[in-house]
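Here the structure comes first, spelled out in structure tokens, and everything after it is commentary.
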Amino acid sequence: MGCGESKETKNDDNSKIKVKKEEEKKEQSKEYEIKICLLGDVSVGKTSIASRFCKNSFNENYINTIGGAYQQQNIILNNGAKIKLHIWDTSGQDRFRSMTSLYYRDAQVAILTYDVTNLQTLDSLNYWLSELKDKVEIDNMVLCLAGNKNDSDAGEKKVSTARGKEFAEEHNMIFFETSAKTGAGVKELFQAIATKEYELLTKNSLY
């Protein structure tokens, strides 16, 4: 009887392994798509973050985004799920703000970006939060906070990590400090976004 129980347990384990492999194979055959919008003041490095992630490049010469700029990149999660990220970088200039809602209105994710060497750029994110609440179903959107230019010297840093975390927790946001210049934290930011949005998509059976 003991041998029978052992064999039955072994068969159950084999069945679980087979089911798991089938589920992983099924996930690998799918491709999920996520639209992401970067928001924040001029010169906080939104374009640089997107370029570092999508092209692994950094341009020292800053160019203002007019309206919105588009890039895309693919991520494969640990379970084999393929995620295509559609990334829209928006202009932080006042004269283009009326156009910005065209880019984030149907986005699933918003990355609110500030410059860790400029406290005003963090305070300005309250405007973008207000805009999102007015124009989209913010409860259905994944919100992220990115403190960019974290490669700056300690003496230049005006927004502490603790202050960034506090702001993120207050607004239920994923939080990362990043450096588009060195790449620190950028890949991790988008990986966390893809993982979180994937969980929501599969939970709500949208695919």
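Quick notes
- Flag if Thr121 is of a type in the set (Ser, Thr, Tyr), more than 26 Å from Glu31 (Cα to Cα), touching a residue at least 12 places away in the same chain (Cβ under 8 Å) and in a strand (DSSP E or B): no
- Matching residues, segment 112-133, being in contact with a helix residue (DSSP H, G or I) (Cβ under 8 Å, 6 or more places away or on another chain) and either closer than 17 Å to Ser152 by Cα or crowded, with 23+ Cβ neighbours inside 10 Å (or both): Leu112, Thr113, Tyr114, Asp115, Val116, Thr117, Leu122
- Exactly one residue out of Lys149, Lys158, Lys165, Lys203 is open to solvent by 30 Å² or more (accessible area, probe 1.4 Å), farther than 20 Å from Asp89 by Cα, touching a strand residue (DSSP E or B) at 6+ places or on another chain (Cβ under 6 Å) and not polar (S, T, N, Q): that is Lys165.
- Close Cβ contacts (under 7 Å, 6 or more residues apart or on different chains) running from residues in segment 183-198 that are in a loop (DSSP other than H, G, I, E, B) to residues that are aromatic (Phe, Trp, Tyr) comprise Gly185/Phe176.
- Residue match in segment 139-146 (condition: open to solvent by 70 Å² or more (accessible area, probe 1.4 Å), more than 22 Å from Ile34 (Cα to Cα) and either part of a helix (DSSP H, G or I) or in contact with a Pro (Cβ under 6 Å, 6 or more places away or on another chain) (or both)): no
- Within segment 108-130, the set of residues being under 19 Å from the mean Cα position of the chain (by Cα) and either at pLDDT below 95 or under 22 Å from Lys35 (Cβ atoms) (or both) comprises Gln108, Val109, Ala110, Ile111, Leu112, Thr113, Tyr114, Leu125, Trp128, Leu129.
- Residue list for segment 115-131, restricted to those being touching a strand residue (DSSP E or B) at 6+ places or on another chain (Cβ under 6 Å) and under 18 Å from Asn172 (Cβ atoms): Leu122, Leu125, Trp128
- Scanning segment 174-197 for residues that are among the aliphatic types (A, V, I, L, M), open to solvent by less than 20 Å² (accessible area, probe 1.4 Å) and within 13 Å of Val142 (Cβ to Cβ) yields Leu189, Ile193, Ala194.
The values are calculated or read from the model by the stated rules, or taken from the named source; none is laboratory data. Computed from a predicted structure; not experimentally measured. Ideal geometry is used to build each Cβ from the backbone, glycine not excepted, and the neighbour counts take in all protein chains shown. For the accessible areas, the whole protein counts, side chains as well, though only heavy atoms, and no ligand, DNA or RNA atoms are used. Shrake-Rupley method; radii C 1.70, N 1.55, O 1.52, S 1.80 Å.
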